[in-house]
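Following: one structure in structure tokens, then a few remarks.
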Amino acid sequence: MTRVFTLTIDDREATGREDETILQVARDHGITIPRLCQLDGLSNIGACRLCVVEVRGVPKLLPACTTFINEGMEVYTNSERLQKYRRTIIEMLFAEGNHICSVCVANGHCELQSMAIQLGVDHISLPYFYPKRTVDASHERYALDRNRCILCTRCVRVCAEIEGAHTWDLMARGSQTTVITDLHQPWGTSESCTSCGKCVQVCPTGALFEKGNAVGEMTKHNSFLKTLAEMRENDK
Amino acid sequence: MTRTRIATVWLDGCSGCHMSFLDIDERLLALADQIDLVYSPLVDCKDFPDQVDVTLVEGAVSSEEDLEKISHIRARTRLLVSLGDCAVTGNVPSLRNSVGAEAVLQRAYLDPALLNPQIPDLVVPRLLPVVRPIHSVVKVDLYVPGCPPAADTIYYVVTELLAGRIPDIADKTRFGA
Amino acid sequence: MNTDELHELATAAKEAQTAFDHRIIVCSGTGCQSLQSEQVYESIEGELKSRGIGHRCSVVHGGCRGLCEAGPLVSVEPDHLLYQGVKTDDAPELVDSLDAAPVERLTLDVSIPFFSRQKKIVLEHNGMIDPESIESYMATGGYSTLVRILAELTPAQVIEQLTKSGLRGRGGAGYSTGLKWNTVAKAVANHRYVVCNGDEGDPGAFMDRSVMEDVPHQLIEGMLIAAYAVGADAGYLYVRAEYPLAVKRLRRAIRQAEKHGLLGHDICGTRFSFKLDIRLGAGAFVCGEETALIASIEGRRGTPRPRPPYPAAHGIWGYPTLINNVETFANIVPVLREGGEWFSTIGTERSKGTKVFALTGSVSHTGLIEVPMGITLREIVYEIGGLPPGKRFKAVQTGGPSGGCIPAEHLDIPVDYESLAQVGSFMGSGGMIVIDESACMVDVAKFFMEFCMSESCGKCIPCRVGTAEMYHLLDKITLGEATLDDLAMLEDLADVVKHSSLCGLGQGSPNPVVSTLRYFRSEYLAHIVDKTCPAGVCTIHQEVGV
């Protein structure tokens with residue numbers, strides 16, 4: 001039997017099942033915790049660190065997406081310190097890549113962009129890296145612009161966990177890390193890719209996009225994920 | 001009543017922010033009563049004056065001239081506003097940063113030239129190796145992103161400043177707006 | 001294998017050793033091998049052969065004696081002689097001396113503090129055992145602890161001894177080993193793993209390499225005892241591929257142990273079975289982090305995941321997994337042989353036993369040392385290491401890239417987990433780098449930050465981007481191009497990266513910066529404000545750009 005716990009989130013009473021994460025329970029109670037790598041229907045990896053929260057009695061910050069709730073837990077999701085960390089993390093993403101919103105297909109439909117607005121990031125104080133990154137437009141219908149990739153690995157996870165193709169993966173490490181198709185072959189030549197386009201729909205930025213979209217025209221349709229995940233859950 | 005001394009500057013940008021400023025339309029007339037536009041591409045004034053209350057800067061810092069100008073302006077301005085994405089983030093001008101200034105000059109001046117290819121360095125200001133947002137060169141007091149920021153946003157910013165308040169632009173504009 | 005059989009093998013091995021009048025032991029550790037100790041071995045062997053005295057004088061391989069900078073080291077037993085810097089040409093003279101006076105010009109005085117101030121538990125057999133011979137290990141009592149435990153103790157009693165000993169993890173964080181074993185033992189599962197973390201990667205650290213190379217059987221015996229105690233039936237030795245000699249010797253040791261029925265099914269006639277395999281690390285520092293290590297063993301990309309769940313509950317393929325560092329496992333045999341009570345008398349109140357350090361940098365005696373917990377840093381630096389003539393001490397760096405630089409004013413603190421943390425450093429796995437006045441502390445911080453930047457796995461943003469941003473700021477400072485705003489940004493970043501990164505690598509990466517800022521802030525300011533490097537290390541750009 002699954003137990004139900006009572007806890008407080010930002011001093012508000014909340015209840016949830018023991019198999020639910022802080023992120024889920026907070027959302028059920030109308031508290032939105034910022035996140036970029038997390039997407040309902042995919043496994044949670046706690047990588048972007050935007051959702052880190054403070055839990056009384058725990059010296060370290062905990063990612064809300066991978067931390068399960070506990071009886072009597074006192075969670076704080078939006079302290080000034082957390083806000084500052086989150087703004088810095090957003091700044092880091094902008095500084096790390098080449099994000100030129102005004103000429104991006106995802107302008108206005110980008111989760112990185114909206115997160116910057118939500119967190120009040122109006123400029124990037126950290127020095128920009130201006131990396132030299134590549135574009136892979138070899139696929140017939142889609143393209144990858146690594147300049148806009150934030151390495152959230154949603155594409156990797158949706159391809160492996162939902163589509164079952166595992167075309168996407170990561171290569172290299174640190175700031176050199178990059179998403180690749182197959183064993184770093186051009187996407188268009190990939191034999192494992194089913195061209196389902198799920199990666200494109202879950203990509204939070206304009207890194208993965210459908211060809212033929214002009215600036216600002218691309219909207220993402222990832223509702224399939226919720227439906228599929230629910231169907232699978234029900235199958236169990 | 002003393003009028004607020006306002007300047008606008010156009011560095012490496014497309015002038016879109018200035019166009020948006022003009023899109024304030026008839027409200028400009030109301031503003032005109034309260035401000036002195038002491039320096040701007042829109043008025044005929046060669047030298048940047050002293051003791052400017054507010055300077056709106058459009059464009060990124062891309063050339064030696066931009067760099068010289070902005071340092072000069074900062075020293076004479078009380079409140080400096082980065083206006084628009086080029087000033088705030090580098091935006092389109094900074095697209096060249098990952099390939100370098102040399103590659104851009106090569107493509108613009110040398111590749112297409114049929115006769116006597118050369119890179120101009122006397123009339124045209126020399127490019128800096130890296131295009132930078134304003135705040136990485138001088139201190140910036142207020143950021144108004146947008147490409148360009150909407151006329152309403154600019155009007156709001158200016159009127160708030162005139163009222164002696166620092167405008168909160170959080171829900172008014174964003175990168176790429 | 002039972003006690004009698006083991007005793008028989010050990011006695012035979014001991015007799016084989018004492019059959020010789022003299023045993024010449026040539027160090028075959030990586031340090032000495034790189035100084036051509038193998039050629040020295042061959043020339044001594046040739047010399048013995050040509051003189052026809054091979055029947056009463058033997059030459060064998062031995063492990064590391066610690067003083068790596070004086071290699072190749074050759075010892076002669078039972079005469080208790082230690083020779084340093086032996087060359088192939090020295091072989092005739094050395095053999096000549098066997099029945100005569102020692103070769104004075106090569107003799108290394110073993111009464112110097114470097115040797116006399118040490119206390120050996122982990123390295124008790126170092127230098128004396130042939131690393132490639134299980135019999136040689138058995139001759140010193142090897143595997144008798146395991147055999148006795150299997151016959152006499154229950155797993156719970158083993159853990160009780162360990163808990164009593166107060167042993168804490170030697171990988172760096174210092175978690176109670178007894179508690180960890182107990183957690184794994186208590187986890188409900190029909191299958192458990194024991195993993196030895198041999199992915200030693202801190203710059204300047206080679207403690208674990210030495211243990212794996214010199215006493216592979218001591219490590220395996222420790223793992224076997226652990227497996228018995230926690231109820232594991234399979235295990236992995238995760239060794240970085242940059243340690244080929246360690247890998248070779250561990251492989252050989254596993255085969256030997258299997259042949260003697262010490263690994264495999266029904267060990268020593270009991271129902272205890274343990275299968276041990278080696279997994280090679282492919283050069284990623286982060287794979288020393290336990291969750292990344294597990295991913296790597298499972299054949300996935302070596303990146304950490306958030307904990308909990310801890311490996312003790314959810315490890316390799318979801319099974320409870322005990323992960324301990326090499327040095328921790330190497331402590332197990334002595335602890336269980338002599339008893340937890342004995343072990344707990346060594347060291348300080350909260351840090352028991354000894355710690356092995358790789359002492360490097362500006363010291364006269366570079367090498368591997370094992371000292372009791374509670375010894376002061378001053379004793380290590382000034383007595384065991386000794387400052388080279390004309391050098392003035394500035395700081396000692398402990399804890400690797402997650403550690404800090406400790407200045408002269410704190411040299412009298414005892415070496416234990418808490419004291420080191422209190423002064424802004426970290427016990428770490430045992431790297432200890434002595435820094436003298438000729439070093440620039442900003443440059444030192446930059447070195448470690450560059451290491452963290454290039455070793456970041458790239459998974460979480462604060463570590464991936466933050467370390468790179470911090471590195472660039474440090475670089476700017478060393479070039480004399482930074483402003484006080486840059487310094488403030490560096491400190492802000494240190495705070496964000498420390499508190500929001502996913503794993504220990506990221507969380508620890510700002511430490512060298514934070515600790516040098518704490519004790520050597522004036523050096524940072526000299527670069528930024530006065531545009532000079534006090535140590536004269538950094539090349540300051542005179543023309544200040546934008």
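Taken together, the values in this text are just the output of simple stated rules run on the coordinates, not laboratory data. The structure presented is a predicted model; accordingly, all values stated were derived computationally and were not measured. Cβ atoms come from the backbone with ideal geometry, glycine included; neighbour counts cover every protein chain shown.
As a test of the definition: which semi-axes, in Å, follow for region C:214-266 when you take the square root of five times each eigenvalue of its alpha carbon gyration tensor? Largest first, please.
For region C:214-266, the ellipsoid semi-axes come out as 20, 13, 9 Å.
In loop segments of region A:114-171 as defined by DSSP, the GluC sites (Glu not before Pro) with at most 12 further C-beta atoms inside 10 Å of their C-beta are A:140.
For region B:1-95, GluC sites (Glu not before Pro) meeting the loop criterion (DSSP other than H, G, I, E, B) and having at most 10 other Cβ atoms within 10 Å: B:26.
Across region B:1-134, the convex hull enclosing all Cα atoms gives 122 Å³ per residue. The calculated Kirkwood hydrodynamic radius for region A:4-78 is 12.1 Å, given to one decimal from all distinct C-alpha pairs. Toward the positive end of the charge dipole of chain C, about the Cα centre and with charges on Cβ (Lys, Arg +1; Asp, Glu -1), which of C:262, C:357, C:54 goes farthest? So the residue furthest toward the plus end is C:262.
Screening chain C for whole DSSP H helices of 18 Å or more along their axis (Cα) with average Kyte-Doolittle hydropathy at least 0.5 returns C:216-230, C:326-338, C:441-455. Evaluated with a Cβ-only charge set (Lys, Arg +1; Asp, Glu -1), region C:441-528 carries a dipole of roughly 300 debye about its Cα centre, given to the nearest 20. Of the beta bridges in the protein assembly as shown, as assigned by DSSP with both residues counted there, near 50 percent are antiparallel.
Computed over chain C, the per-residue total of -39500 (n - 2.57) for DSSP H runs of n ≥ 4 gives a 222 nm mean residue ellipticity of -12500 deg cm²/dmol, rounded to 500.
Placing one equal scatterer on every Cα of region C:284-355 and applying the Debye formula, the log10 ratio I(q)/I(0) at q = 0.19 Å⁻¹ is -0.82.
Which of A:156, A:186, A:108 sits closest to the plus end of the dipole of region A:79-186, meaning its Cα is farthest towards the positive end, when Lys and Arg get +1 and Asp and Glu get -1 on the C-beta? Positive-end residue among those listed: A:108.
Quick check: convex hull of the Cα atoms in region C:441-528, volume per residue, rounded to a whole Å³? Display every interim value, and only then the final one.
Values: hull volume 6.2 nm³, N = 88.
It is 70 Å³ per residue.
Taken over the alpha carbons of region A:181-228 as equal point scatterers, the Debye sum produces base-10 log I(q)/I(0) values at 0.17 Å⁻¹ of -0.60.
By the compact-protein rule of thumb, 2.2 N^0.38 Å, the alpha-carbon radius of gyration of chain C corresponds to a ratio of 1.01. Once the gyration tensor of the Cα atoms in region C:393-495 is diagonalised, the equivalent ellipsoid follows with semi-axes of 24, 17, 12 Å, ordered largest first. Applying D = kT/(6 pi eta Rh) to region C:319-397, where Rh is the Kirkwood radius over alpha-carbon pairs, T corresponds to 37 °C and eta to 0.692 mPa s, the Stokes-Einstein value obtained is 225 µm²/s.
Write down the Å³ per residue value for the convex hull defined by the alpha carbon atoms of region A:155-236. Can you show the working numbers first?
Working: hull volume 9.8 nm³, N = 82.
Per residue, the Cα convex hull of region A:155-236 comes to 120 Å³.
Under a Cβ-only charge scheme (Lys and Arg +1, Asp and Glu -1), can you give me the dipole magnitude of region C:153-252 about the Cα centre, in debye to the nearest 20?
Rounded to the nearest 20 debye, it is 160 debye.
Both the radius of gyration and Dmax for chain A are 18.7, 54 Å, in that order, over alpha-carbon atoms. Residues C:265, C:125, C:80, B:135, ranked from the fewest to the most other C-beta atoms within 10 Å, line up as C:80, C:265, B:135, C:125. Here residue C:38 and residue C:116 are evaluated by their C-beta separation; at R0 = 30 Å the FRET efficiency comes out at 0.50.
Between the C-alpha center of region A:71-115 and that of region C:177-216 there is a gap of 38 Å.
Filter the trypsin sites (Lys or Arg not before Pro) in region B:101-177 down to the DSSP loop ones having no more than 11 other Cβ atoms within 10 Å, then list what survives.
Working: sites: B:107, B:126, B:139, B:165, B:172, B:174; in loops: B:126, B:139, B:165, B:172, B:174.
Sparse-neighbourhood loop trypsin sites (Lys or Arg not before Pro): B:139, B:165.
Over the Cα atoms of region C:46-201, the radius of gyration divided by the Kirkwood radius equals 1.09; this is the Rg/Rh ratio.
Under the shape rule built on the C-alpha gyration tensor, where the axes satisfy a ≥ b ≥ c, region A:128-180 is oblate, since a/c reaches at least 1.5 while a/b does not exceed b/c. Taking the centroid of alpha carbons for each part, region C:41-58 and region C:323-370 are 37 Å apart. For region C:227-319, the alpha-carbon coordinates run over 41, 32, 17 Å along the three principal axes, in decreasing order.
Equivalent ellipsoid of region B:102-177: semi-axes from √(5λ) of the C-alpha gyration tensor, largest first, are 39, 14, 11 Å. Here the alpha carbons of region A:92-217 define both size measures, Rg and Dmax, at 14.3, 43 Å. Rg/Rh, computed from the Cα trace of region C:141-344 with Rh as the Kirkwood radius, has the value 0.93.
Inter-chain Cβ neighbour count for C:490-496, averaged per residue, equals 3 (cutoff 10 Å, partner chain atoms only).
Quick one: plug the Kirkwood hydrodynamic radius of the protein assembly as shown (C-alpha pairs) into Stokes-Einstein at 25 °C, 0.890 mPa s, and report D in µm²/s.
Rounded to a whole number, D works out at 77 µm²/s.
How large is the translational diffusion coefficient of region C:14-110 in µm² per second when you combine the Kirkwood radius over alpha carbon pairs with Stokes-Einstein at 4 °C and 1.567 mPa s? Provide the component values of the computation, followed by the final result.
Numbers: Rh = 13.1 Å.
D = 99 µm²/s.
Of all the options B:66, B:111, B:85, the one that moves most in a Gaussian network model of chain B with Cα springs shorter than 10 angstrom is B:111. Taking a quarter of the surface of the Cα convex hull of region A:1-141 gives a mean projected area of 11.2 nm². Largest first, the three principal axis extents of the alpha carbons in region B:75-115 are 48, 22, 14 Å in whole numbers.
Above 20 Å lies some portion of the pair distances; for region C:354-436, what is it as a whole percent of all C-alpha pairs? Kindly include the intermediate steps, with their values, before the conclusion.
Numbers: 629 of 3403 pairs.
Percent of Cα pairs beyond 20 Å in region C:354-436: 18.
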